[in-house]
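Working notes, beginning with the structure itself.
The values are calculated or read from the model by the stated rules, or taken from the named source; none is laboratory data. Every value quoted in this text rests on a predicted model; they were computed, and no experiment measured them. Because the Cβ atoms are built from the backbone with ideal geometry, glycine has one as well, and the counts that use them run over all protein chains shown. Just the protein is used for accessible areas: all its heavy atoms, side chains included, with ligands, DNA and RNA removed. Shrake-Rupley method; radii C 1.70, N 1.55, O 1.52, S 1.80 Å.
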Amino acid sequence: RFEMGAQYHFHMETQVAIVTPVEDGFDVATASQDLKSVQYIAALALGLPAHAINPTIRRLGGSYGAKIVLPNHLVAAAAVAANKLHRPVRLWLPLEDNMRMLGKRNQYLFDYRLGITGGKIQSLVANLYCDGGWSMSDVDSYFAAFFGVGSYKVYFFSLRLSLELLVCS
């Protein structure tokens with residue numbers, strides 16, 4: 001059994017999105033590691049086909065997962081506002097708001113069994129439990145499952161991911 005508590009996730013650049021109406025749709029500029037997701041979310045929020053969204057990303061450093069899907073919140077909000085106002089909209093989160101809204105990684109419990117023969121791992125069966133609070137983190141949960149085997153070469157791998165969404169009263 002391995003337990004990992006919640007962590008505050010501090011990335012140097014807070015989330016930002018700039019959406020500008022143009023002749024054939026909208027230009028979207030944000031700091032993201034997933035250009036396709038940015039395009040899809042903006043198109044979905046506006047009820048437009050994906051080709052009407054022109055996403056661009058300038059230089060981007062790694063943020064340990066914070067720039068994969070988390071910018072989509074601001075992209076969607078800025079796109080709706082730019083569509084309503086018919087003018088460019090820039091949304092930027094100050095550090096305090098960024099941390100409140102998007103700055104936490106969930107706590108996990110990993111229960112696992114290893115099958116070892118001749119000093120080598122032959123199999124791994126793992127159950128991962130996530131206390132996601134009110135929402136599942138796309139980044140945390142995906143990577144917990146993806147990297148659950150660690151750096152070991154395991155021939156048989158079985159994983160069951162249980163997201164325990166707790167509702168506080």
Extension gain residue 48-residue 13, at 0.36 nm per residue separation less the Cα-Cα distance, in nm? 9.7 nm
Taking a crude spin-label model, label points 7 Å out from Cα along the C-beta direction, the residue 96 to residue 110 distance in nm is 3.7
Using θ = phi - 60° and the Karplus curve 6.51 cos²θ - 1.76 cosθ + 1.60, what whole-Hz ³J(HN,Hα) does each residue of region 24-41 get, with Gly and Pro shown as x? 9, x, 9, 8, 10, 10, 7, 9, 9, 9, 9, 4, 5, 5, 4, 4, 5, 5
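I need the trypsin sites (Lys or Arg not before Pro) found in region 11-73, filtered to DSSP loop residues with at most 16 other beta carbons within 10 Å of theirs. Let's see the in-between values first.
Values: sites: 36, 58, 59, 67; in loops: 58, 59, 67.
Of the trypsin sites (Lys or Arg not before Pro), the ones in loops of region 11-73 whose Cβ has at most 16 other Cβ atoms within 10 Å are 58, 59.
Rounded to a whole number, what is D in µm²/s for region 1-94 from Stokes-Einstein with the Kirkwood radius over alpha-carbon pairs (20 °C, 1.002 mPa s)?
Rounded to a whole number, D works out at 156 µm²/s.
Scan region 1-45 for chymotrypsin sites (Phe, Trp or Tyr not before Pro) in coil per DSSP, keeping those whose Cβ has at most 13 other Cβ atoms within 10 Å, and list them by number. Intermediate results must be reported in sequence, preceding the final value.
Values: sites: 2, 8, 10, 26, 40; in loops: 10.
Of the chymotrypsin sites (Phe, Trp or Tyr not before Pro), the ones in loops of region 1-45 whose Cβ has at most 13 other Cβ atoms within 10 Å are 10.
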In nm, to one decimal, how far is the residue 3 label point from the residue 59 one, both placed 7 Å along Cα→Cβ? 4.4
What accessible area per residue comes out for region 18-122, rounded to a whole number of Å², with a 1.4 Å probe? 60
Heavy atoms of the protein only, probe of 1.4 Å, neighbouring chains included. What is the accessible area of residue 18 in Å², nearest 10? 70
